[in-house]
Amino acid sequence: MGELTEYSLQHFTSEMSTDVFTARYLDKKRIEDLCRKCPDYGLRWTCPPLDLKTDKFWLSYSRISILVTKVCLSRRDIPFTDADRILRIVRLHIEDRLLDMEHHTGGRSFASGKCLRCTDGECNRKYGNPCRFPDKARLSLEASGFDMEQMLTDVFDIQLQWAKDGLMPPYFILVGALLHNETRTIDIHLD
């Protein structure tokens with residue numbers, strides 16, 4: 001998965017009821033206000049504004065399994081412009097694994113960040129056309145109105161890092177999830 005000399009991966013998982021997750025971390029108005037500052041706002045089918053009744057949708061599932069991947073960079077001098085190149089491979093691997101688990105559990109998966117399925121970077125939403133990959137494109141938790149920064153602090157004791165002076169931070173955090181109704185704990189493992 002990419003040049004191993006550039007990064008290493010650490011995975012963390014947690015599971016909780018969707019009613020607890022929603023009560024603690026759903027903050028739709030504040031998160032959508034933050035999303036409005038993004039250049040992709042309204043231009044991708046997986047980005048706000050969304051016509052999603054989050055409360056009703058989420059509560060149709062009883063559990064959420066959360067997968068956090070910490071992408072630790074091996075050097076401190078990597079330009080931020082290389083972020084997409086490094087993260088794309090990792091993100092698509094995680095998303096494909098979550099999609100596989102979605103099919104096995106009857107659940108619904110959530111990706112990390114903006115959709116990467118259109119390889120040309122042009123989402124059809126920009127042109128008023130339907131999604132080209134509805135079977136693979138998934139919303140992120142943050143696009144759904146959830147406060148990922150607070151959740152990462154509370155559940156995983158992880159602080160987000162940001163680019164500085166045009167260089168990547170020491171690590172990136174990717175958050176994926178699976179909503180499901182399984183009574184057993186779901187083991188999200190990456191091969």
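The values are calculated or read from the model by the stated rules, or taken from the named source; none is laboratory data. Predicted, not measured: the structure shown is a model, and the values here were computed from it. As a convention, Cβ positions derive from the backbone with ideal geometry for all residues, glycine included, and neighbour counts pool all protein chains shown.
What about residue 160, is it under 26 Å from residue 30 (Cα atoms), in contact with an Asp or Glu (Cβ under 7 Å, 6 or more places away or on another chain) and surrounded by fewer than 20 Cβ atoms within 10 Å (Cβ to Cβ)?
Spelling it out, residue 160 is indeed under 26 Å from residue 30 (Cα atoms), in contact with an Asp or Glu (Cβ under 7 Å, 6 or more places away or on another chain) and surrounded by fewer than 20 Cβ atoms within 10 Å (Cβ to Cβ).
Taking the stated definitions as given, is residue 21 in a helix (DSSP H, G or I), at pLDDT below 90 and either within 20 Å of residue 148 (Cα to Cα) or out of contact with any Lys or Arg (no Cβ under 7 Å at 6 or more places or on another chain) (or both)?
Answer is no for this residue.
Does any residue of the range 165-175 turn out to be assigned to a loop (DSSP other than H, G, I, E, B), more than 17 Å from residue 38 (Cβ to Cβ) and touching a helix residue (DSSP H, G or I) at 6+ places or on another chain (Cβ under 7 Å)?
yes
Output the residue which, of all residues in the range 65-122 that are among the basic types (Lys, Arg) and assigned to a helix (DSSP H, G or I), is farthest from residue 173 (Cα to Cα).
Applying the filter and picking the extreme gives 97.
For residue 179, are the conditions met, namely being part of a strand (DSSP E or B), of a type in the set (A, V, I, L, M, F, W, C) and under 22 Å from residue 80 (Cα atoms)?
No; evaluated as a whole, the condition is false for this residue.
Test each condition in (1) touching a Ser or Thr at 6+ places or on another chain (Cβ under 8 Å); (2) surrounded by 18 or more Cβ atoms within 10 Å (Cβ to Cβ) for residue 181 and report the one that comes out false.
Among (1) touching a Ser or Thr at 6+ places or on another chain (Cβ under 8 Å); (2) surrounded by 18 or more Cβ atoms within 10 Å (Cβ to Cβ), the lone unmet condition for residue 181 is (2).
Which is among the charged types (D, E, K, R), out of contact with any strand residue (DSSP E or B) (no Cβ under 7 Å at 6 or more places or on another chain) and assigned to a helix (DSSP H, G or I), of 154, 135?
When all the criteria are applied, what remains is 154.
Assuming residue 140 fulfils every condition listed in (1) within 18 Å of residue 10 (Cα to Cα); (2) in contact with a Phe, Trp or Tyr (Cβ under 9 Å, 6 or more places away or on another chain); (3) surrounded by 13 or more Cβ atoms within 10 Å (Cβ to Cβ); (4) not aromatic (Phe, Trp, Tyr) apart from one, which condition is it?
So residue 140 meets the others, but not (1).
Can you give me the number of residues within the range 45-59 that are surrounded by 14 or more Cβ atoms within 10 Å (Cβ to Cβ), at pLDDT below 75 and farther than 16 Å from residue 17 by Cβ?
Going through the range 45-59 one residue at a time, the tally reaches 1.
When you look at residue 133, is it among the aromatic types (Phe, Trp, Tyr) and surrounded by fewer than 20 Cβ atoms within 10 Å (Cβ to Cβ), yes or no?
Spelling it out, residue 133 is indeed among the aromatic types (Phe, Trp, Tyr) and surrounded by fewer than 20 Cβ atoms within 10 Å (Cβ to Cβ).
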